[in-house]
Structures are given as structure tokens and as C-alpha cells.
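The values are calculated or read from the model by the stated rules, or taken from the named source; none is laboratory data. The structure displayed is predicted, hence computed values, not measured ones. Every residue, glycine as well, gets a Cβ built from its backbone with ideal geometry; the counts of neighbours run over all protein chains shown.
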Amino acid sequence: MTSTSNTNNRLELLLFYLGGKRRFGMNVLKIKEVIPCPALHQLPTSNPKILGVAELREETLPIIDLAKAVSSTHRVLTDEQIQQGSVITTEINRSHQGLWISDVDKIVLCNWQDILPPSSGTGIGSYTTGITLIDEELVQLLDIEKVLGEVMGIKTIQTDDLHIEKSKLEAVFGKLIMIVDDSSMALKQTISALDKLGLQHISASDGKVALQILNDYQNGDPHTMEPISMIISDIEMPEMDGYSFVTQARQLNKFKDIHVLMHTSLNGTMNMQKAISSGANDVLTKFVPEELVAKIIDHLMESPDS
């Protein structure tokens, strides 16, 4: 059990620059490849944070200026500067896009417990999901989900889109769901879906905080605390990732059988297998609101007394 948890709690980070001396980081699992900046075609009506689109392997990808997306910089890149940069191609939340960066540094291996939650702030700090010390320098992990949500548009859900029987909505109304996610954008999206269903929710920004909440429930008075019917957890989180969180939550008697849905921006069979082996019941790739709602309804209807 211990060795599995330790293995699951490690990640590889790609370190890169956005035009200055400060280094930023991104989970390698979100990256398809890093390439020299390809030829870009301009879109006159696109978001100003999009440098253009590129044709890569018969696919058209928007190329986001990551520096401009996470800061208030108004600098204008010359064609020469753009071509001297690199592009990180990603597959996140079921969409493909490129992120323009000025330069690549290296890939490092670290533990999730060494990544600390960021302090609240504005500017680039508001786009940070964690910070860690590498080579005696602070490195910020960027909230790529928030970047994509703001630049490419947020997927939301309307009540009329649910197409759920009134009897089912009445049956699940008021139940309590725990959400564990370090991305402010993802958290906002998930809460919006729960609100549409009339569900209560408590949230935590990482697995460590969530585990403490569950411990409080474990030791609290069951007559005064609303039972948690389901947990929706991200995988990538500072201090304690989703794999370790679920593994340890299963060791609490009150939550050994609770339904856990891993809701992650990471695609791939490997992540699904790791999530299930860690103790999750199901895995869903972000973010299709209708699919999330359907998963929640299906479970709560199967376990009406949870």
C-alpha cells in the first residue's frame, strides 16, 4: 500500500520560460509534444491572446500566447520573436491546443507533497495551482484549465439542457457532494453543475485538505452532520494528489465504501487504471457538464439512502 501511494504521488514537470527569468511548470502528462513554433496563420477576429492557428498533422490548432494569457502584459511579439519560441501542444479537457512559450528549460521529477498551494493573489498568482522549489528557485505550476476556460470559452450548463426527469431531480435534491479540485475554474464549473441539480456541496483545494475534512466527519457526531453522498476529485493537486487522497480516504471506516468519481483533465487509459487501482469507482475526463450531471444522477439514484 505504501509503495503504491509513493509511486502515485510523483510527477514529471516540464519547466519553461515566458519571456523573463522566472520559470514555470506543467505536468508532462498534459503534454503531447514540444516543438519549434510552426508557421502561424492569423485570425483577425480571434481572442488577442491567440497568436494564430497552426496546421499540425492535418489538425488545426489555436496557438495561445501563454505569457499574455496569465498576465496583464501588453507587449507585442515580433514575427522573429514568435518564430524563436516553442509551442507546447496539449490535450486537456478533450480539446487540443498549442501554448506558445519563449523557451524550454528541462524536465524534472518531483513529489506532489513538495508542491505547496499558492498564496491567494492577483496577476500571474491567480493562474497558479501550486509552487515548488527546484534548484533553490521557486517554480509556479500554471492553472492551464483556467487559461483555456478564459481564452477558449467556459463550458456551462443550463437547466433546460439537463433532460432529467423531475422525479429524479426531486430524489437527489439536497444531497451533499464533496468536490476536491485545485483549479478555481474547474471548481467553478463543477459547483455550477451541482447547483443546477439542487445539491449541497463542500469543497477542498487539494487532497490533504479534503482528507482532513473527512477525518472531521469520521470523528464528528453523525446526528449533527449532513452525510456526504459522493466525492468528485481531481487527480493533479498540490501536497496530496487524487490517487493518494482516495487511497487514504478508503482507510477511514465511514468512507471505505463511498462513491468516488475522478474528474480529471488528464486523458488516457493509464490514468483511468491508476485511478481505479487507487480506489476510485469511476473516471470522467473534464469537462462536459451533461456527462458529469449524468454520472452524479446515476450514482445518487442507485444509492438513495447514501
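Data for the structure
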quantity	calculated
Matching residues in segment 268-293 - criterion: being free of Cβ contacts under 8 Å to residues at least 24 places away in the same chain and among the aliphatic types (A, V, I, L, M)	Met270, Met272, Ile276, Val283, Leu284
Ala67 vs. criteria under 30 Å from Gln189 (Cα atoms), in the same structural domain as Lys146 (by TED's automatic domain parsing) and hydrophobic (A, V, I, L, M, F, W, C)	yes
Given (1) at pLDDT below 90; (2) within 24 Å of Met240 (Cβ to Cβ); (3) assigned to a helix (DSSP H, G or I), number of the condition Leu169 does not satisfy	(2)
Residue within segment 217-226 that is within 17 Å of the chain's Cα centre (by Cα) and within 21 Å of Leu199 (Cβ to Cβ) present	no
Residues that are more than 13 Å from Ala39 (Cα to Cα) and over 17 Å from the mean Cα position of the chain (by Cα), drawn from segment 70-88	Ser71, Ser72, Thr73, His74, Arg75, Val76, Leu77, Thr78, Ile88
Verdict on Trp112 being out of contact with any Cys (no Cβ under 7 Å at 6 or more places or on another chain) and of a type in the set (Phe, Trp, Tyr)	yes
Unique residue being loosely packed, with under 13 Cβ neighbours inside 10 Å, farther than 19 Å from Lys21 by Cβ and modelled with pLDDT under 90 when the list is Glu91, Glu58	Glu58
Every residue from segment 227-239 that is over 14 Å from the mean Cα position of the chain (by Cα) and more than 28 Å from Ala294 (Cβ to Cβ)	Glu239
Residues of segment 246-301 satisfying the condition of being of a type in the set (S, T, N, Q), over 15 Å from the mean Cα position of the chain (by Cα) and farther than 21 Å from Ala210 by Cα	Thr269, Gln273
Identity of the residue in segment 267-288, within 11 Å of Tyr243 (Cβ to Cβ) and either crowded, with 18+ Cβ neighbours inside 10 Å or hydrophobic (A, V, I, L, M, F, W, C) (or both), that ends up modelled with the lowest pLDDT	Asn271
Any pair with Cβ under 6 angstrom, 6 or more apart, that starts in segment 182-199 at a residue that is closer than 16 Å to Glu165 by Cα and ends at one that is among the aromatic types (Phe, Trp, Tyr)	Gly198/Phe173
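Per-residue answers, yes or no, for (1) under 20 Å from Ser184 (Cα atoms); (2) touching a Pro at 6+ places or on another chain (Cβ under 9 Å); (3) surrounded by 15 or more Cβ atoms within 10 Å (Cβ to Cβ):
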position	(1), (2), (3)
Val209	yes, yes, yes
Tyr217	no, yes, yes
Asp221	no, no, no
Met225	no, no, no
Asp234	yes, no, yes
Gly242	yes, no, yes
Ala249	no, no, yes
His259	no, no, yes
